[in-house]
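Handing you a structure now.
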Amino acid sequence: MEVGTMVEINSETVADKVYESGFEGIFTPLFRVRDSSLGAYLQAGGYTAIERALGMSPEDVIEEVKKSGLRGRGGAGFPTGVKWGFIPKDAEKKYLVCNADEGEPGTFKDKYIISLVPHLLLEGMMIGGYAIGSRDLIVYIRGEYWLEASVLKRAIDEAIPYVKQKFNFDVNIRVMQGAGSYIVGEETGLLNSLEGKRGHPRPRPPYPAQKGFMELPTCVNNVETLAAVPFIIKHGADAFRKFGTEKSTGTKLVGISGNVKRPGIYEVPMGVPLKKIIELAGGTDCGGKIKAVIPGGTSTPPLVADELEQATLDYESLASFRTFLGTAACIVICECNDIWKVAENIAKFYAEESCGQCTTCREGTRFIEYLFHKIVEGTYSWSDVDSLEEISTYMQGSAICAHIDACAMPSQKIISTFRRELKGGKRNHD
Ligand SMILES: Cc1cc2nc3c(=O)[nH]c(=O)nc-3n(C[C@H](O)[C@H](O)[C@H](O)COP(=O)(O)O)c2cc1C
């Protein structure tokens, strides 16, 4: 097919990896409709949240989102209402940017929100724009999602005249397509790319809320974060808080892959045991023992068997195991897989995707890949194993952005946990 051809999306094929978890969350009922048109969204009660928001003051909208406890679903988990509150009220021009770069390996949830319920995302963006006082909304979408970009553009063409005519709400939404780099998912790299520059992350401060796109105040939010907002405004913060735990509120879209029978997207309330999610995905596909589970995309340190017994899917539980919820992209790794090959593959990704600005990241990620490669090949020495553990520890936090940690933290966990399985690999104190 010629690139650029408009394609009629068959939502059945797009949705074949979205499964029901047996729980009515905030996305599942809408995913079930399997029709991305404005008509279907209106029939499902769409665009009543923006109507409600427009009847509130922008400050009250921000308060409601703060009360809901919604935290960013793009990886860092920053409270959304607090972030919106950072945008200066008196700035004449400001932007809301939706981060649809979705580059974290294992992560494929935003793709389904965009292709199945694009209007839910657009409604969330409109509410966010209204709350921060911006009518200039931009979606930055990864280049590989050209099909999703065309769904989104079609939805925008339907939505803008609808809200103008129905609520006299004038808004401008643009879609910008990236060119296939991971690092532009990092919000300041994204802003540079939007400006037509190299997608290099910027040093902070200044933060995007002060100087973002074109040096103007900008709020960057993930797709899933924004798509959760209409539910909060329509049903109230308390209804959202009914899902999840005290501190990790709401539901989460989990993308599960690796050694499971039914890899795909499942919506679950925050706080469910990780083991339950693996059960939902049909259990392991090889019948073998689980060696490790990456809980939130490859940048999050894996959990090992005994941790898996206790871990639940929420910010606090995963932090207690010195890992993160990230994007909730769970990757199950069984004993039938070579953990060293997995580690080498992950390190290779981060080495290739380093923007190269910071020496520690440019050289360190490559060196980690090289050392894991030596382990895979069986040509390592004990000083290589020690170096790997030391470098992956000291690299952490030593660059402009968190790309370096995305490589260093999982590598450190893997080498410190599994080195004793290497022939003669025990430390003196083991
Ligand atoms: C290396 C790197 C890659 C990232 N990639 C993404 C991404 O693909 N999508 C995303 O939403 N956030 C990504 N983030 C997080 C963003 O910088 C930012 O925190 C997020 O878009 C904010 O939205 P939220 O508050 O709604 O989560 C990445 C961060 C880093 C350090």
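The values are calculated or read from the model by the stated rules, or taken from the named source; none is laboratory data. The structure displayed is predicted, hence computed values, not measured ones. Heads up, the Cβs are rebuilt from the backbone with ideal geometry, glycines too, and the neighbour counts pull from every protein chain shown. Protein only, heavy atoms only, side chains kept; ligands, DNA and RNA dropped before computing areas. Shrake-Rupley method; radii C 1.70, N 1.55, O 1.52, S 1.80 Å.
What ranking do 168-177, 147-156 get when scored by the average of other Cβ atoms within 10 Å per residue, highest first?
Packing proxy ranking, top to bottom: 147-156, 168-177.
Evaluate the charge dipole of the range 11-241 about its Cα centre and quote only its size in Debye, nearest 20, assuming +1 on the Cβ of each Lys and Arg and -1 on the Cβ of each Asp and Glu.
Result for the range 11-241 is approximately 360 debye, rounded to the nearest 20.
Let me ask something additional. I'd like the FRET efficiency for LYS164 and LEU422, computed as 1/(1 + (r/R0)^6) with the beta carbon distance as r and R0 of 60 Å, rounded to 0.05.
Between LYS164 and LEU422 the formula returns 0.40.
Still on this structure, please answer the following. All other residues with a Cβ under 14 Å from the Cβ of ILE400 taken together, and with Lys, Arg as +1 and Asp, Glu as -1, what is their net charge?
Overall, the nearby charge balance is +1.
Still on this structure, please answer the following. Based only on the alpha carbon positions, what is the Kirkwood hydrodynamic radius of the chain, in angstrom?
22.3 Å
Moving on to the next point. Compute a Gaussian network model of the chain, connecting alpha carbons closer than 10 Å, and tell me which residue from LYS291, LYS93, LYS252 fluctuates the most.
Maximum among the listed residues: LYS93.
Within the accessible area of the range 251-334, what % is carbon and sulfur when the probe is 1.4 Å and the other protein chains stay in place? Present the calculation step by step, with values, prior to reporting the outcome.
Numbers: 1420 of 2630 Å².
It is 54 percent, rounded to a whole number.
Roughly how far apart, in whole Å, are the Cα centres of the range 117-184 and the range 301-337?
Each part's Cα centre sits 33 Å from the other's.
Right, something else. Springs between alpha-carbon atoms under 10 Å, Gaussian network over the chain: tell me which of ARG198, ARG262, ARG73 tops the mean-square fluctuations.
Checking each option, the largest mean-square fluctuation is seen for ARG198.
Same structure again: Give the shape of the range 297-351 as rounded, prolate or oblate, defined through the alpha-carbon gyration tensor: a ≥ b ≥ c are the square roots of its eigenvalues, a/c under 1.5 means rounded, and otherwise the shape is prolate if a/b is larger than b/c and oblate if not.
oblate
First check a/c for the range 251-334, with a ≥ b ≥ c the square roots of the eigenvalues of its C-alpha gyration tensor; if it is under 1.5, answer rounded, and if not, answer prolate when a/b is larger than b/c or oblate otherwise.
oblate
Now a separate question. Got a sec? What order do ILE183, ILE391 fall in by accessible area at 1.4 Å, biggest, i.e. largest, first?
Most to least solvent-accessible, the answer reads ILE391, ILE183.
For GLY212, enumerate residues with amide H under 5 Å from its amide H, sequence gap 5+ or separate chain, H modeled in the peptide plane.
Under 5 Å from the amide H of GLY212 lie the amide H atoms of THR218, each far enough along the sequence or on another chain.
Please compute the Kirkwood hydrodynamic radius of the range 294-388 from all pairs of different C-alpha atoms, in Å with one decimal.
Details: mean 1/r = 0.0685 Å⁻¹.
Kirkwood radius, the range 294-388: 14.6 Å.
Can you give me the angle between helix 146-167 and the longest principal axis of the chain, using Cα atoms only, in degrees from 0 to 90, rounded to the nearest 10?
30 degrees
Rounded to a whole number, what % of the accessible area of the range 11-241 do carbon and sulfur atoms account for, probe 1.4 Å?
51 percent
Near GLU224, within a Cβ-to-Cβ distance under 12 Å, what is the net charge of the other residues, with Lys and Arg +1 and Asp and Glu -1?
Overall, the nearby charge balance is +2.
From the mean inverse distance of alpha carbon pairs (Kirkwood) and the Cα radius of gyration, derive Rg over Rh for the range 191-251.
We get a ratio of 1.16 for the range 191-251.
Might you tell me the accessible area per residue for the chain, computed with a 1.4 Å probe and given in Å²?
Spelled out: the 1.4 Å probe surface of the chain, per residue, equals 42 Å².
Would you work out the charge dipole size for the range 13-99 about its Cα centre, treating the Cβ of every Lys and Arg as +1 and the Cβ of every Asp and Glu as -1, and quote it to the nearest 20 debye?
The calculated dipole for the range 13-99 is roughly 280 debye.
Let me ask something additional. Please tell me which of these pairs span more than 18 angstrom C-alpha to C-alpha: LYS67/LYS242; LYS153/LYS197; LYS67/LYS89?
Those over the limit are LYS153/LYS197; LYS67/LYS89.
Let me ask something additional. TRP146 to ARG322: extension gain in nm, 0.36 nm per residue of separation minus the Cα-Cα distance?
59.7 nm
What shape does the range 11-241 take by its C-alpha gyration tensor, where a ≥ b ≥ c are the square roots of the eigenvalues and a/c under 1.5 counts as rounded, a/b above b/c as prolate, and the rest as oblate?
Details: a/c = 1.44, a/b = 1.13, b/c = 1.28.
Rounded shape, in that the Cα axes give a/c under 1.5.
Percent antiparallel among DSSP beta bridges with both residues in the chain, to the nearest 5?
Antiparallel: roughly 40 percent of the beta bridges in the chain.
With +1 on each Lys and Arg Cβ and -1 on each Asp and Glu Cβ, how big is the dipole of the chain about its Cα centre, in debye rounded to the nearest 20?
The dipole magnitude comes to about 380 debye.
So which aspartates and glutamates pass the test for LYS93, namely a Cα distance under 18 Å, with those fewer than 8 places away in the same chain ruled out?
List returned: GLU59, ASP136, ASP170, GLU195, GLU215.
Only loop residues by DSSP count here, and only those with at most 13 other Cβ atoms within 10 Å; note down the trypsin sites (Lys or Arg not before Pro) in the range 325-430 that meet that.
Those satisfying the criteria are LYS423, LYS426, ARG427.
What percent antiparallel are the DSSP beta bridges of the range 251-334, to the nearest 5? Please list the in-between numbers first.
Working: 14 of 18 bridges.
Bridges in the range 251-334 that DSSP calls antiparallel: roughly 80 percent.
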